[in-house]
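The values are calculated or read from the model by the stated rules, or taken from the named source; none is laboratory data. In this text, all values refer to a predicted model and were calculated from it rather than measured experimentally. Using ideal geometry, Cβ is built from the backbone for each residue, glycine included, and neighbour counts are taken over all protein chains shown.
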Amino acid sequence: MAIRCFVLDDEPLATELMQDYIGRLPDLELVGVCNSPTQGLQMLQQLQADVVFLDIQMPRLTGFDLLRPLGYRPKVIFTTAFREYALESYEFDVLDFLVKPISFERFLQSVGKIYRFSPNPAAQPEVPQNIAPVREYQYFKVDKEMVKLYLDDILWIESLKDYVRLHTRSGPLVSYLRISYLEEKLPPDRFIRIHKSFIISLDHIQAISANYIRINQEEIPIGRIYKARLDKQLQSATDQGVI
C-alpha cells in the first residue's frame, strides 16, 4: 500500500522539487500540494495524509503553528532553509529535518525513516535502479532576472563586497548577494570557502598546492585562516570519493 504524501511550502520551486522526488518512488503517492499554509491546513484535515513534507517559515502561519490545531498526527518531515529551527522542530516528534537545498540522496534517507517507524518496519521503499541523478540548482538574481543555475555548473564564487561573481562553465555572472549568504546556502559537501573572497566547488578542483587551488586553469588563493578547515574537508571528500 502506497504511503500518502502531502507537500506544503510557500515557495513553488520547493514544492515542485518535492513533487519530482516523490514521483520517483512508486511506494509514495502524492495526494496534495499547497503553497498557502491556511489553505494547506484545511486540505490536510480533509486528506488525512500519512506523511507531510512541511516548510516552517511561511507567511501568516508557520509550520509549527499549523501542526498544533491539526486534528490528527501525520508523520512530519520539515523542509526549511533555516537551520536554527532544528531544535524546536523535534518538540513535535518529527521524523526528520531537511535543510534546503535538499538533494535526492538526502530525501531518500528521510523516506527510509518513514519505513523504520512504520507499523511494518521490515518494509522498505522500492527504489527504481534506473533513476537519473537529480541535478541540483538554485536561482540567482542577475540584473532584473532570476537565473537558474545548476550547482554542478558553478566553478567558483568571488566576492565583490555586496555582490558576487559566479564563475560558471558558460562564463561569469554577477549577482546581488553576499558571499557569507552563499556560504550558508550552498551544500557544504560540494562547496567550501577557502578565502574571505572565494568559495570553490570541490567537484571542479584540478590541482591543490599550499597556497592556491587550481580550477579551470585559474589559481585561487587559500586564506591562512581557512586552510585547516579546507584540509579537513578535502580529506573527508577524498574518503567519500567526492574528489
Identify, please: which residue in the range 2-22 is acidic (Asp, Glu) and surrounded by fewer than 17 Cβ atoms within 10 Å (Cβ to Cβ) and is, among those, nearest to Pro59 (Cα to Cα)? Glu11
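Here's the yes/no breakdown for (1) of a type outside the set (Val, Ile, Thr); (2) free of Cβ contacts under 8 Å to residues at least 12 places away in the same chain; (3) closer than 14 Å to Thr79 by Cα:
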| position | (1), (2), (3) |
| --- | --- |
| Met1 | yes, yes, no |
| Arg4 | yes, no, no |
| Val7 | no, no, yes |
| Leu13 | yes, no, yes |
| Gln19 | yes, no, yes |
| Leu25 | yes, no, no |
| Glu29 | yes, no, no |
| Met43 | yes, no, no |
| Asp50 | yes, no, no |
Just wondering, is there one or more residues in the range 24-44 that are within 15 Å of the chain's Cα centre (by Cα) and of a type in the set (A, V, I, L, M, F, W, C)? no
Criterion first (at pLDDT 90 or above, assigned to a strand (DSSP E or B) and either under 19 Å from the mean Cα position of the chain (by Cα) or surrounded by fewer than 17 Cβ atoms within 10 Å (Cβ to Cβ) (or both)) does Ile199 satisfy it? yes
Confirm whether Pro172 is surrounded by fewer than 16 Cβ atoms within 10 Å (Cβ to Cβ) and assigned to a loop (DSSP other than H, G, I, E, B). no
